[in-house]
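Asks: I'd like to ask you about the structure that follows.
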Amino acid sequence: MLGRAACALSQFSRPIGFLSFTNIGDACGVSTLVIIPTYDERENVESIVGRVRAATPEVDVLVVDDNSPDGTGALADALAASDPRIHVMHRAGKEGLGAAYRDGMRWALDAGYDRIVEMDADGSHQPEQLHRLLEALRDTTGSPNASAPARGADVVLGSRWVPGGGVVNWPARRRFLSRGGSAYSRIALGVPAKDVTGGYRAFTADALRSIHFADVESQGYCFQIDMLRRAYRAGLSIAEVPITFVEREHGASKMSGGIVREAMWRVTVWGVTGLPQRFRRTPIPVPVKSHAG
């Protein structure tokens, strides 16, 4: 496949624009990449990467570090030096979660990966549950029977708010904010998912291409909402699988009032401007399925 051939890049650190990459040559022949954005996550990055590698040894990891002052990027480089399935992208500075994921997804597609996963660095997304997302995702390897229908979804959401899902160590205010944000987004945008704001997700490469993720300008909460909104509008099949979200034990949360306000403002604008289109056109039959553990 041309994409896999394109991933045969040199196995040494190499600058590309304002980015630099470490240890990317082994990406060839590997179909799944977990993208982990980091900023000041030195206390967490070794643990989360190790857990991913232990839970899913066949999966590659890309740490996207925003020039963390605490040395997260240097520690990630050390991890990559000892494991050819761990890769590191160094970005020039802190530009937000959305920008980190966009750069990571662009790298993943250029390298020829078939499946791309979003995962937080702080341990709130449990790698031990990653298999649930991957098992629900569409099989991109091709079926021996060309006429057989494709199985699985184009996009899989790790959901806190479907049966079997949940959160650990969250105060009532955080629960209300998350549930309320998902409910408001679901109603305003007409997206029939229970967990609209969650960040533990898996995509097929074709799904990312059809979403035109590079055009997404939102950050934080809003990046996840925008990606799901685009997936639904593109007619992609979407599934939700239950996960248990565990509040971080180390480091500070990146959630802020500004991120929440951006999400509320953008969702409101999208909802209002999208009303005429929602009422004019015939709805696209996109199933949002829930899978038990």
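Asks: Any idea which of 148, 136 is of a type in the set (A, V, I, L, M, F, W, C) and at pLDDT below 90? Explain how you work it out, then say what you get.
Replies: On the way: 136 fails: at pLDDT below 90.
Within the list 148, 136, the selection yields 148.
Asks: Can you tell me which residues in region 92-113 are surrounded by 23 or more Cβ atoms within 10 Å (Cβ to Cβ) and in contact with a Ser or Thr (Cβ under 9 Å, 6 or more places away or on another chain)?
Replies: 100, 113
Asks: Would it be correct to say that residue 73 is in a helix (DSSP H, G or I) and either open to solvent by less than 20 Å² (accessible area, probe 1.4 Å) or without any contact (Cβ under 8 Å) to a residue 24 or more places away in the chain (or both)? First the steps, then the outcome.
Replies: Values: in a helix (DSSP H, G or I): yes; either open to solvent by less than 20 Å² (accessible area, probe 1.4 Å) or without any contact (Cβ under 8 Å) to a residue 24 or more places away in the chain (or both): yes.
When the stated conditions are applied, residue 73 passes them.
Asks: Right, something else. Would you call residue 122 surrounded by fewer than 21 Cβ atoms within 10 Å (Cβ to Cβ) and out of contact with any Pro (no Cβ under 9 Å at 6 or more places or on another chain)?
Replies: On the way: surrounded by fewer than 21 Cβ atoms within 10 Å (Cβ to Cβ): no; out of contact with any Pro (no Cβ under 9 Å at 6 or more places or on another chain): yes.
For residue 122, the condition - surrounded by fewer than 21 Cβ atoms within 10 Å (Cβ to Cβ) and out of contact with any Pro (no Cβ under 9 Å at 6 or more places or on another chain) - is not met.
Asks: Against the condition modelled with pLDDT of 90 or more and surrounded by fewer than 22 Cβ atoms within 10 Å (Cβ to Cβ), how does residue 167 come out, does it pass?
Replies: Working: modelled with pLDDT of 90 or more: yes; surrounded by fewer than 22 Cβ atoms within 10 Å (Cβ to Cβ): yes.
Against the criterion (modelled with pLDDT of 90 or more and surrounded by fewer than 22 Cβ atoms within 10 Å (Cβ to Cβ)), residue 167 qualifies.
Asks: Which condition does residue 97 not pass, out of (1) closer than 16 Å to residue 45 by Cα; (2) of a type outside the set (Phe, Trp, Tyr); (3) more than 14 Å from the chain's Cα centre (by Cα), if it passes all the others?
Replies: The single condition residue 97 does not satisfy is (3).
Asks: Could you go through region 183-206 and let me know if any residue there is under 23 Å from residue 110 (Cα atoms), assigned to a helix (DSSP H, G or I) and open to solvent by less than 30 Å² (accessible area, probe 1.4 Å). Explain how you work it out, then say what you get.
Replies: Step one: of region 183-206, the residues under 23 Å from residue 110 (Cα atoms) are 199-206.
After this cut, where a residue has to be assigned to a helix (DSSP H, G or I) as well, the list is 205-206.
Filter once more, so that each one left must be open to solvent by less than 30 Å² (accessible area, probe 1.4 Å): 205.
Yes, there is a match, as at least one residue in region 183-206 is under 23 Å from residue 110 (Cα atoms), assigned to a helix (DSSP H, G or I) and open to solvent by less than 30 Å² (accessible area, probe 1.4 Å).
Asks: Report, by residue number, each residue of region 211-227 that is in contact with a helix residue (DSSP H, G or I) (Cβ under 8 Å, 6 or more places away or on another chain) and part of a helix (DSSP H, G or I). Show your work before the answer.
Replies: Start the filter on region 211-227 by keeping residues that are in contact with a helix residue (DSSP H, G or I) (Cβ under 8 Å, 6 or more places away or on another chain), which leaves 211-214, 216-223, 225-227.
Within region 211-227, 211, 213, 214, 220, 221, 222, 223, 225, 226, 227 meet the criteria.
Asks: Test residue 81 against the criterion of being open to solvent by less than 60 Å² (accessible area, probe 1.4 Å) and in contact (Cβ under 8 Å) with a residue 40 or more places away in the chain, and give yes or no. So that I can check it myself, show each step before the final result.
Replies: Numbers: open to solvent by less than 60 Å² (accessible area, probe 1.4 Å): no; in contact (Cβ under 8 Å) with a residue 40 or more places away in the chain: yes.
No, not satisfied.
Asks: Is there any pair linking a residue in region 34-47 that is modelled with pLDDT of 95 or more to one that is open to solvent by 60 Å² or more (accessible area, probe 1.4 Å) and among the basic types (Lys, Arg), with Cβ under 6 Å and at least six apart or on different chains, and which?
Replies: Partner pairs satisfying both residue conditions: 39/94.
Asks: Residues that are closer than 22 Å to residue 60 by Cβ and open to solvent by 10 Å² or more (accessible area, probe 1.4 Å): does region 211-220 have at least one?
Replies: Residues of region 211-220 closer than 22 Å to residue 60 by Cβ: 211, 213-214.
Cutting the leftovers down to open to solvent by 10 Å² or more (accessible area, probe 1.4 Å) gives us 213-214.
Taking every residue of region 211-220 in turn, at least one turns out to be closer than 22 Å to residue 60 by Cβ and open to solvent by 10 Å² or more (accessible area, probe 1.4 Å).
The values are calculated or read from the model by the stated rules, or taken from the named source; none is laboratory data. Since this is a predicted model, take the numbers as computed values, not measurements. As a convention, Cβ positions derive from the backbone with ideal geometry for all residues, glycine included, and neighbour counts pool all protein chains shown. Protein only, heavy atoms only, side chains kept; ligands, DNA and RNA dropped before computing areas. Shrake-Rupley method; radii C 1.70, N 1.55, O 1.52, S 1.80 Å.
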